[in-house]
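Below: one structure, written as structure tokens.
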């Protein structure tokens, strides 16, 4: 491929709208173009990268006995009504009607379609386990697409669905898939990706993991234990708070706290550490706007994912009306109006002598000791966010650190959520009807490409790993108007192509500066320079985009040497 | 791959809802499953076929300097408003709004997206010509999906777009693409596909061709000249009618024709050949319901595609109201009310002594001779359907035959319809601003797979060409409970896999009948049978699915022989 013919514009300037490097690089490097909010067209370099990623995904899914299938992008809503998700998912599920008025959805994930496809096939235990996967376009109507390919609305995803007759079998397969995912990320050039426990969210099921590329520009917060290696998405991480009881318990006493509204003001006014307070956070249920008030230790934030899971339904930040009987600024767990769902976070367990609202305008309590002052059957729920320096739920040491990460893949043990609701059963060895157990496993292709770029770039552009690079060799013929250069470069190009290498050949009559800056933007791992100075000595210059390597090789040996280099790097994956 | 593990159900019975064989085969063979009207999921065998077709498409598009890109499935309506197609296309364009209320469309073709992607890149003549293509999911909200993958709503398509600075350059490239299409169909196993002149319809542009697989179950009618090889879609075929003038011209005379309404009744009543009549067909313009009346020779039908093109707008069959002043049953070209668009078909040119309506209840004219009785500036338009036995517009012989065909691809010379409306320009060598000229080229992947199946099947299933077969070799281990059979079959399977062949291995303990009927349904070109009877003589049986070949080969030579067979067939494409 001649660079001169490559369709797409490359820019010198960093596009001002890009917040993260991978986005900026892909726009200024001619990889993609904005079409609409969270929607892009891909140009040839990106398409070549994503096709290689897709091939890695295919090979690794086939290696764990996956069978490639294809589900529709557009599905009848009836299919999603079977699972209940047509109702339960918010506006990120794109709903529309076709010309006949039939309700349809755009697939954002394909559990329903997967069950539909194998519902009859999987009617006997002898056919289990099996796994089907697809690589297909999906649409998720995100409220806030951002960061280029990291959070888009339309994207290509590899999604896989496995079916089992026992939890043990699912767990074994889940582990195989976990390992396959590690291989995928290693082969794509980011072996540093870690798996963390995650919240299953709208997918249902219990156990799930996300694969995270740690980077400051990531959207997710991850709790990692420096001591034992435990890791979990903040959304899912158990928060363990140990309160030491004061030796003397004060009496519960009302105090006058005029013009005091926030928990900080309360603590300031009472000259107490914020840890010695009990704060309230008000939500309302999406379903009926009923109030939900969460009480936590003053220094702990609500983890809304855990709150949702605890309640088993969606909530939104509450708006306190006059009629509610709630006194904003003075809310406490004692003496609340009826009809409110109260959640006491486990950060309050064992705490003593706290301040809290008195549910009365301009009054707070002090000396609040939950274990004494709350009803004896009070249950504590874990709905708080884990803290930097917090206690690791596995090793128990106060060694939690919080990092940012990009989620590049996820795996879920779904259980029977979809098979049960959609009436899929099989006959077991004893002739009994049973419900199969499912797992599901996703990797976004474009997001993975962007993540690799985020992990491997410098100030001038991406440094693509050989396994997914748009081309393997970038050949620069400098001063191509020189007939000797033209001849040597053309011949080398033909030789390299003849060896089956993927070569992008820059034979434009442009300055070295333009040539190199374009080569940097394309990020091809091996660069070959044919220049007048080198040719005088009858050599060509071979270097690596990551600057780890550079050598001068006789012209006659160049093709062989380049071919060796490429093969060596390819075999490393 | 072991057949036992292949996900999907195979049926003995022909599904009653299937009208054509390829549809029936793909449903009963476990290739695909119905999800909704015109929407299917694909199982592994079909997915393997379509991936091979996609690879052929890629290779042939790359060979004519195409660059693979990817456009979005979901596009902002604004893009389609630029070209005017958001308004002009009917309800087959699926329109919806996203969560923010933004108007969107599902891509059914991507001319707008293609121009959008290269609008800035293509700003100088030096970058031309170039071609970009994608293989992507499309959605067309067809009123009547039918025939399995032949006419669906959601489908995968290879669509390519070329850009040029002159009509000559477009024509040259169009010819290259025409040849590439011939190679695609030959490689996919249907070299018999012919290209026919077609109507450009909603795509715009003038010259276009469809590639047709001739088959009685096709949806399209194609006019082919037995003499010179001319071919065209009926929709586009010029109709040439030669009328011989009577030696004596009668006078135009009103006759009383009570209770006569159809052209047949008129001719019966007047005892005249239907060719000696002038009939009227009434339409209304979609835009404003204005009447359009087409007059043709009594034996000729209206070709609505040609009528639309002639008028430059959409029409629908007319509903005649009292107020219109039109006398149904008695409509003629003389004395019509004002405000009606009249189209005189060229089949009336040179005709003499016809009957026609007198625009008066219960009266017809006889002795109507258009060349004498119509105004001297009357223009004749070609809006009639070509007839079996009609005159070839190229060689002039009366040797037209009408065949049915499936359209498996199309190519269009679009001209500047999209570039002009979307404001794409380039600077030419003289510094002047010019508008690029486009071509576009489509092949539906699933429809191609179904067409190959339609062309190559027998009563038992498909006969896939080696180039796109889901597997290359179908290995049957018969009486697998016999340890010798098991050992020989397993070893042969490993040997074949070791040679890089694609093998589906049936090692189920089932009857020969079940084994062979499943093999027939999968249609794999080379079949290998290990059976007790053969093994006694230390041989295995190798045959071809199309029954053209069968031989018995010593066990030790089998792998080599099979490998030869596969390679030979592959190299034939």
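The values are calculated or read from the model by the stated rules, or taken from the named source; none is laboratory data. Just so it is clear, the structure is predicted and the values come from calculations on it, not from any experiment. Note that each Cβ is placed from the backbone with ideal geometry, even for glycine, and that neighbours are counted across all protein chains shown.
Of all the listed residues (A:477, A:500), the sole one being touching a helix residue (DSSP H, G or I) at 6+ places or on another chain (Cβ under 9 Å), free of Cβ contacts under 8 Å to residues at least 12 places away in the same chain and over 25 Å from residue A:185 (Cα atoms) is A:500.
Within this structure, residue A:220 passes the test of being touching a strand residue (DSSP E or B) at 6+ places or on another chain (Cβ under 8 Å), modelled with pLDDT of 85 or more and under 26 Å from residue A:310 (Cβ atoms). The strands (runs of 3 or more DSSP E) found wholly in the range A:334-376 and carrying at least 2 residues that are surrounded by fewer than 19 Cβ atoms within 10 Å (Cβ to Cβ) and within 40 Å of the chain's Cα centre (by Cα) occupy A:341-345. Filtering B:44, B:26, B:32, B:1 for residues that are within 8 Å of another protein chain (Cβ to nearest Cβ) and touching a residue at least 40 places away in the same chain (Cβ under 8 Å) leaves a single hit, B:44. One residue is enough: does the range B:236-258 have a residue meeting the conditions within 18 Å of the chain's Cα centre (by Cα) and either closer than 30 Å to residue B:429 by Cα or in a loop (DSSP other than H, G, I, E, B) (or both)? Yes, the conditions are met somewhere in the range B:236-258. If you go through the range A:4-23 and keep only what is away from chain B (no Cβ under 11 Å) and in a loop (DSSP other than H, G, I, E, B), you end up with A:12, A:13, A:14, A:15, A:16, A:17, A:18, A:19, A:20.
Of the residues making up the range B:504-516, not a single one is surrounded by fewer than 20 Cβ atoms within 10 Å (Cβ to Cβ), without any contact (Cβ under 8 Å) to a residue 60 or more places away in the chain and farther than 20 Å from residue B:479 by Cα. Taking the conditions exactly as written (crowded, with 22+ Cβ neighbours inside 10 Å, more than 11 Å from every other protein chain (Cβ to nearest Cβ), outside any loop (DSSP other than H, G, I, E, B) and at pLDDT 95 or above), does residue A:181 satisfy them or not? It is true that residue A:181 is crowded, with 22+ Cβ neighbours inside 10 Å, more than 11 Å from every other protein chain (Cβ to nearest Cβ), outside any loop (DSSP other than H, G, I, E, B) and at pLDDT 95 or above.
Scanning the range A:259-280 for residues that are at pLDDT 85 or above and not in a loop (DSSP other than H, G, I, E, B) returns A:274, A:275, A:276, A:277, A:278, A:279, A:280. Just so you know, in the range A:48-66 the residues that are touching a strand residue (DSSP E or B) at 6+ places or on another chain (Cβ under 6 Å) and crowded, with 22+ Cβ neighbours inside 10 Å include one that is farthest from the other protein chains (Cβ to nearest Cβ), and it is A:57. If only residues of the range B:184-217 that are out of contact with any strand residue (DSSP E or B) (no Cβ under 9 Å at 6 or more places or on another chain) and at pLDDT 90 or above are counted, the one that is nearest to residue B:386 (Cα to Cα) is B:191.
Taken together, the residues in the range A:97-107 that are surrounded by fewer than 21 Cβ atoms within 10 Å (Cβ to Cβ) and more than 10 Å from chain B (Cβ to nearest Cβ) amount to 2.
Against the condition crowded, with 17+ Cβ neighbours inside 10 Å, part of a helix (DSSP H, G or I) and not assigned by TED's automatic domain parsing to the domain that holds residue B:352, how does residue B:232 come out, does it pass? No.
The residues of the range B:294-306 that are crowded, with 21+ Cβ neighbours inside 10 Å and out of contact with any helix residue (DSSP H, G or I) (no Cβ under 9 Å at 6 or more places or on another chain), listed by number, are B:303, B:306. When the range A:135-145 is limited to residues that are more than 8 Å from chain B (Cβ to nearest Cβ) and out of contact with any helix residue (DSSP H, G or I) (no Cβ under 7 Å at 6 or more places or on another chain), the one that is farthest from residue A:50 (Cα to Cα) turns out to be A:144.
Taken over the range B:150-202, the criterion of being under 30 Å from residue A:76 (Cβ atoms) and touching a helix residue (DSSP H, G or I) at 6+ places or on another chain (Cβ under 6 Å) is satisfied by B:150, B:155, B:156, B:158.
Of the residues that make up the range A:109-120, is at least one under 19 Å from the mean Cα position of the chain (by Cα) and away from every other protein chain (no Cβ under 11 Å)? Yes: one or more hits. For the range B:429-461, the set of residues classified as under 25 Å from the mean Cα position of the chain (by Cα) and part of a strand (DSSP E or B) consists of B:437, B:438, B:439, B:440, B:441, B:442, B:443, B:444, B:457, B:458, B:461, listed by residue number.
Would you point out the residue of the range B:67-90, among those that are surrounded by fewer than 22 Cβ atoms within 10 Å (Cβ to Cβ) and under 25 Å from the mean Cα position of the chain (by Cα), that is nearest to residue A:136 (Cα to Cα)? Among them, the one singled out is B:68. When you scan the range B:475-485, do you find a residue that is surrounded by fewer than 21 Cβ atoms within 10 Å (Cβ to Cβ) and in contact with a strand residue (DSSP E or B) (Cβ under 7 Å, 6 or more places away or on another chain), even just one? Taking every residue of the range B:475-485 in turn, at least one turns out to be surrounded by fewer than 21 Cβ atoms within 10 Å (Cβ to Cβ) and in contact with a strand residue (DSSP E or B) (Cβ under 7 Å, 6 or more places away or on another chain).
Identify the single condition in (1) surrounded by 14 or more Cβ atoms within 10 Å (Cβ to Cβ); (2) in contact (Cβ under 8 Å) with a residue 60 or more places away in the chain; (3) over 23 Å from residue B:44 (Cα atoms); (4) out of contact with any helix residue (DSSP H, G or I) (no Cβ under 9 Å at 6 or more places or on another chain) that residue B:488 does not satisfy, given that it satisfies every other one. It fails just one condition, (4).
For the range A:77-96, which residues satisfy the criterion of being within 22 Å of residue B:100 (Cα to Cα) and facing chain B (nearest Cβ under 8 Å)? Those that are within 22 Å of residue B:100 (Cα to Cα) and facing chain B (nearest Cβ under 8 Å): A:91, A:92, A:94, A:96.
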